[in-house]
Amino acid sequence: MRMDETGELRKLQLQELEEIRNDAYECSRIYKEKTNAFHDQKISRKIFSIGQKVLLYHSRLKLFPGKLRSRWIGPFVVTNVFPHGAVEIHSLETGKTFKVNGHRLKPFYEGFQAYNVEEIGLQCPVYED
């Protein structure tokens, strides 16, 4: 009689352990889904338009690039944007046109425009005692 009760108790303990494991797996799956959704939400999407200037990541420079050498080459001009993420660019220096992955591009900023600003001299007022 004592062996039957012990066996039943052991079966209940194993079932409880299995339920705890299943709950842990479920919580882990939910956590991964939430972190993936948060990560995908924070990714900035690059949208390129025709005529925009871009820089191209030079992946062959990975081995010995030099400490301060830039891995970005260009500027290039976007000539066509395909719906699946590929972008066709045109080199301003060589005149070649080729297709690259949009992840290897970033927008090129030419810098600030210089404007002529009129100078106005400030005169200090003279106070008399």
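Has region 69-77 got at least one residue that is modelled with pLDDT of 90 or more and loosely packed, with under 10 Cβ neighbours inside 10 Å?
No, region 69-77 has no match at all.
Counting only residues that are exposed (fewer than 10 other Cβ atoms within 10 Å of the Cβ) and among the β-branched types (Val, Ile, Thr), which one in region 21-57 is farthest from residue 93 (Cα to Cα)?
In this case the residue turns out to be 43.
Residue-wise test of (1) modelled with pLDDT of 90 or more; (2) within 45 Å of the chain's Cα centre (by Cα); (3) closer than 30 Å to residue 104 by Cα.
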site	(1), (2), (3)
20	yes, yes, no
30	yes, yes, no
37	yes, yes, yes
40	no, yes, yes
44	no, yes, yes
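Considering only region 1-57, how many residues are among the aromatic types (Phe, Trp, Tyr), in contact with a strand residue (DSSP E or B) (Cβ under 8 Å, 6 or more places away or on another chain) and not in a loop (DSSP other than H, G, I, E, B)?
Residues of region 1-57 that are among the aromatic types (Phe, Trp, Tyr), as a first pass: 25, 31, 38, 48, 57.
Those left that are additionally in contact with a strand residue (DSSP E or B) (Cβ under 8 Å, 6 or more places away or on another chain): 48, 57.
Applying the additional criterion that residues be not in a loop (DSSP other than H, G, I, E, B) yields 57.
So the count comes out to 1.
For region 89-129, which positions are surrounded by 10 or more Cβ atoms within 10 Å (Cβ to Cβ), in a loop (DSSP other than H, G, I, E, B) and within 22 Å of the chain's Cα centre (by Cα)?
If the condition is that a residue be surrounded by 10 or more Cβ atoms within 10 Å (Cβ to Cβ), in a loop (DSSP other than H, G, I, E, B) and within 22 Å of the chain's Cα centre (by Cα), then 108 is the only one that fits.
For residues that are in contact with a strand residue (DSSP E or B) (Cβ under 8 Å, 6 or more places away or on another chain) and not β-branched (Val, Ile, Thr), tally how many sit in region 85-129.
Step one: list which residues in region 85-129 are in contact with a strand residue (DSSP E or B) (Cβ under 8 Å, 6 or more places away or on another chain), which gives 85-92, 96-102, 104-108, 110.
Now restrict to residues that are not β-branched (Val, Ile, Thr): 85-86, 88, 90-92, 96, 98-99, 101-102, 104-108, 110.
Final tally of qualifying residues: 17.
The values are calculated or read from the model by the stated rules, or taken from the named source; none is laboratory data. Since the structure is predicted, the reported quantities are computational estimates derived from the model, not experimental observations. Using ideal geometry, Cβ is built from the backbone for each residue, glycine included, and neighbour counts are taken over all protein chains shown.
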